[in-house]
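Reading through the structure tokens given below for one structure.
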Amino acid sequence: MIKKITCIGAGYVGGPTMAVMALKNPQIRFHIVDINQARIDAWMSDTLPVYEPGLDEIVQHTRGKNLFFSTDVEGAIKEADMIFISVNTPTKEYGVGKGRAADLKYVELCARQIAEFSDRDKIVVEKSTLPVRTAEAIKTILDSSGRDLNFQVLSNPEFLAEGTAVRDLLEPDRVLIGGEQTDAGKSAIDALVQVYNAWIPRERIITTNVWSSELSKLTANAFLAQRISSINAISALCEATGADVEEVAYAIGTDSRIGPKFLKSSVGFGGSCFQKDILNLVYLCDYFGLPEVARYWEQVIIMNDYQKSRFGSKIISTLFNTVSGKKIAFLGWAFKKDTNDTRESAAIYVADQLLEDQGRVSVYDPQVSPERMYMDVDGLGTRSEAENRDRLTMLDDVYEACKDAHAIAILTEWDEFPGLDWQRIYDNMLKPAFIFDGRLILDKKTLEKIGFQVYSIGKG
Ligand code: NAD
Ligand code: UGA
């Protein structure tokens with residue numbers, strides 16, 4: 001019987017996942033720990049570090065009752081019956097596998113800490129997205145603690161999407177749990193099944209062996225990203241031929257074998273996971289001697305990079321082949337709506353392209369802070385910090401951001417954008433006034449009637 005659960009990592013996954021589990025399992029005590037004091041402080045405050053619709057209410061309901069936050073990793077490991085590892089697994093930026101393999105140093109550190117601080121048997125759950133066979137490495141570290149303890153390692157990948165995390169957690173299509181096919185492994189799986197079964201019907205909880213579970217997570221993300229790259233590839237052909245990518249997407253999506261989801265053409269997918277997980281898959285395929293398979297998946301990333309740079313190039317070529325000294329307003333910086341997360345957002349790369357052509361970019365985003373935006377562009381290392389601050393600005397008034405601009409680019413599909421006073425925006429822009437809709441959220445015809453020259457991805 002599980003009484004105490006610890007989660008290491010209070011990020012976009014650890015925080016919301018444990019909050020929902022705590023809501024649905026009031027008899028279990030949940031403790032989320034992180035090495036980042038500022039993040040823990042934010043989880044304890046009125047302004048949570050993660051913006052997700054519906055999350056505030058759940059945290060308010062559970063925090064201090066059966067959900068606790070702290071930086072006491074040692075204490076949290078000692079007290080727990082079950083420990084989730086939910087730390088970041090970014091792409092490796094050094095050495096072997098640089099630029100492709102997952103950097104597992106944070107996960108490894110967690111395993112070492114669990115081995116060091118545990119004084120009784122524990123179930124350890126991989127919640128982070130990990131390369132297939134990582135559980136083996138975790139188990140090896142845990143078993144080398146020198147004490148006679150029994151650790152069971154489960155794989156329980158998370159499928160939530162940011163912006164809809166609470167809904168995805170409350171009503172998941174499925175929950176996946178992989179474990180060793182031994183008696184001890186099966187009883188560990190059962191213990192985790194019971195936690196989820198508090199609100200998820202048993203038939204939606206899939207149990208597999210560990211390797212299938214680990215690989216299913218990478219495969220799910222690869223398939224989802226592949227659909228976006230596929231429709232984006234077609235968007236370029238639509239523009240060349242006069243076809244309309246939304247009509248094509250609708251026409252193919254009504255085939256029940258294809259289905260309508262994830263066929264929205266865009267300026268390119270962003271987020272912390274699609275690119276890193278596919279790069280990791282590519283690395284694994286090469287590692288296991290499957291270069292043809294590796295090149296197949298690599299193309300999903302190549303197409304996504306092409307879509308981002310194609311959008312930036314379209315802005316430059318339309319504005320008479322240079323944006324030097326011109327003001328371009330960006331509506332949106334987050335990688336998708338309803339999140340404050342900007343990791344790998346297409347906006348970062350399009351801005352970089354325009355700034356390199358000496359353009360000036362003024363950004364409006366309802367959830368992203370200027371500090372975050374500057375960290376994103378500084379992180380590219382393309383220009384000095386002073387240059388970035390000189391040419392890139394963020395305003396908290398959308399009309400100010402668009403004032404005197406030569407063009408507007410839609411980078412995030414925030415719900416508020418279609419309902420803006422577009423006539424007022426047009427009146428205050430330089431003419432000819434251009435709009436580049438990278439999210440297909442604006443009505444082209446209405447805007448053209450106002451006087452805008454409109455480019456919508458995949459619409460010629
Ligand atoms: P994140 O960067 O938001 O959070 C990770 C947290 O772990 C950070 O706050 C960091 O300080 C903390 N941490 C790192 N090492 C630690 C240690 N040794 N002890 C204590 N804390 C430590 O990352 P995230 O977006 O929550 O992603 C976590 C994992 O979940 C990744 O593997 C990711 O691929 C996967 N995932 C993410 C999403 C998503 O939508 N973001 C969805 C599904 C799966
Ligand atoms: C994605 C997956 O959807 C989740 O199932 C998974 O758990 C998660 O990655 C992860 O492993 O981190 P997320 O990246 O949060 O979730 O958000 P998505 O809704 O998948 O969007 C990713 C990017 O694709 C966004 O930039 C979005 O705008 C773009 N997108 C999405 C499109 O361009 N077109 C679409 O049709 C759908």
### Query
Is it the case that some residue within region 56-75 is touching a Ser or Thr at 6+ places or on another chain (Cβ under 8 Å) and away from ligand 1 (no atom under 13 Å from the Cβ)?
no
### Query
Looking only at residues in region 265-299 that are hydrophobic (A, V, I, L, M, F, W, C) and outside any helix (DSSP H, G or I), which one is nearest to S456 (Cα to Cα)?
V267
### Task
Please tell me if F330 is modelled with pLDDT of 95 or more, farther than 17 Å from V50 by Cα, crowded, with 22+ Cβ neighbours inside 10 Å and within 16 Å of ligand 2 (Cβ to nearest atom).
yes
### Query
Looking at this structure, is K276 in contact with a strand residue (DSSP E or B) (Cβ under 9 Å, 6 or more places away or on another chain), at pLDDT 95 or above, at negative phi and crowded, with 17+ Cβ neighbours inside 10 Å?
yes
#### Entry: Unmet criterion (only one of (1) without any contact (Cβ under 8 Å) to a residue 40 or more places away in the chain; (2) under 13 Å from G9 (Cβ atoms); (3) not small (G, A, S)) for N150
(2)
### Message
I need the helices (runs of 4 or more DSSP H) fully contained in region 320-402, keeping only those with at least 1 residues that are more than 25 Å from D421 (Cβ to Cβ) and either touching a Ser or Thr at 6+ places or on another chain (Cβ under 8 Å) or within 16 Å of ligand 1 (Cβ to nearest atom) (or both).
### Response
346-356, 370-378
### Query
Taking strands (runs of 3 or more DSSP E) that fall entirely within region 1-86, which contain at least 1 residues that are within 16 Å of ligand 2 (Cβ to nearest atom)?
82-85
### Task
For region 91-111, enumerate the residues that are surrounded by fewer than 16 Cβ atoms within 10 Å (Cβ to Cβ) and either in contact with a helix residue (DSSP H, G or I) (Cβ under 6 Å, 6 or more places away or on another chain) or touching a residue at least 60 places away in the same chain (Cβ under 8 Å) (or both).
G99
### Task
Could you run through region 196-224 and say how many residues are closer than 16 Å to F84 by Cβ and without any contact (Cβ under 8 Å) to a residue 12 or more places away in the chain?
0
### Task
Exactly one condition in (1) among the charged types (D, E, K, R); (2) over 23 Å from K308 (Cβ atoms); (3) crowded, with 16+ Cβ neighbours inside 10 Å is not met by E246; state its number.
(2)
### Message
Going residue by residue through region 281-294, is there one that turns out to be surrounded by 21 or more Cβ atoms within 10 Å (Cβ to Cβ), at pLDDT 95 or above and within 23 Å of K336 (Cβ to Cβ)?
### Response
yes
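Here's the yes/no breakdown for (1) among the acidic types (D, E); (2) in contact with a Leu (Cβ under 7 Å, 6 or more places away or on another chain); (3) loosely packed, with under 13 Cβ neighbours inside 10 Å:
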| position | (1), (2), (3) |
| --- | --- |
| Y374 | no, no, no |
| L392 | no, yes, no |
| D396 | yes, no, yes |
| Y399 | no, no, no |
| I408 | no, yes, no |
| L430 | no, no, no |
### Summary
Within region 200-235, the count of residues that are among the aliphatic types (A, V, I, L, M), part of a helix (DSSP H, G or I), more than 10 Å from ligand 2 (Cβ to nearest atom) and out of contact with any Ser or Thr (no Cβ under 7 Å at 6 or more places or on another chain) comes to 4
### Query
What number of residues within region 125-184 are acidic (D, E), assigned to a loop (DSSP other than H, G, I, E, B), within 11 Å of ligand 2 (Cβ to nearest atom) and surrounded by 14 or more Cβ atoms within 10 Å (Cβ to Cβ)?
2
### Query
Among the residues of region 392-414 satisfying the criterion of being charged (D, E, K, R) and more than 18 Å from V368 (Cβ to Cβ), which is farthest from the chain's Cα centre (by Cα)?
D404
### Task
Among what's in region 98-124 and is assigned to a loop (DSSP other than H, G, I, E, B) and out of contact with any Asp or Glu (no Cβ under 9 Å at 6 or more places or on another chain), pick the residue that is nearest to K276 (Cα to Cα).
A101
### Task
Select from region 169-195 the residues that are free of Cβ contacts under 8 Å to residues at least 24 places away in the same chain and within 17 Å of N25 (Cα to Cα) and list them in ascending order.
E171, D190, V193
### Query
In region 411-426, what count of residues is obtained for those that are of a type outside the set (A, V, I, L, M, F, W, C) and crowded, with 17+ Cβ neighbours inside 10 Å?
3
### Message
Consider region 344-353. How many of its residues are in contact with a strand residue (DSSP E or B) (Cβ under 8 Å, 6 or more places away or on another chain) and surrounded by fewer than 24 Cβ atoms within 10 Å (Cβ to Cβ)?
### Response
0
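The values are calculated or read from the model by the stated rules, or taken from the named source; none is laboratory data. Remember, predicted model here, so these are calculated numbers, not experimental data. Cβ coordinates were reconstructed from backbone atoms using ideal geometry, including for glycine residues, and neighbour counts include every protein chain displayed.
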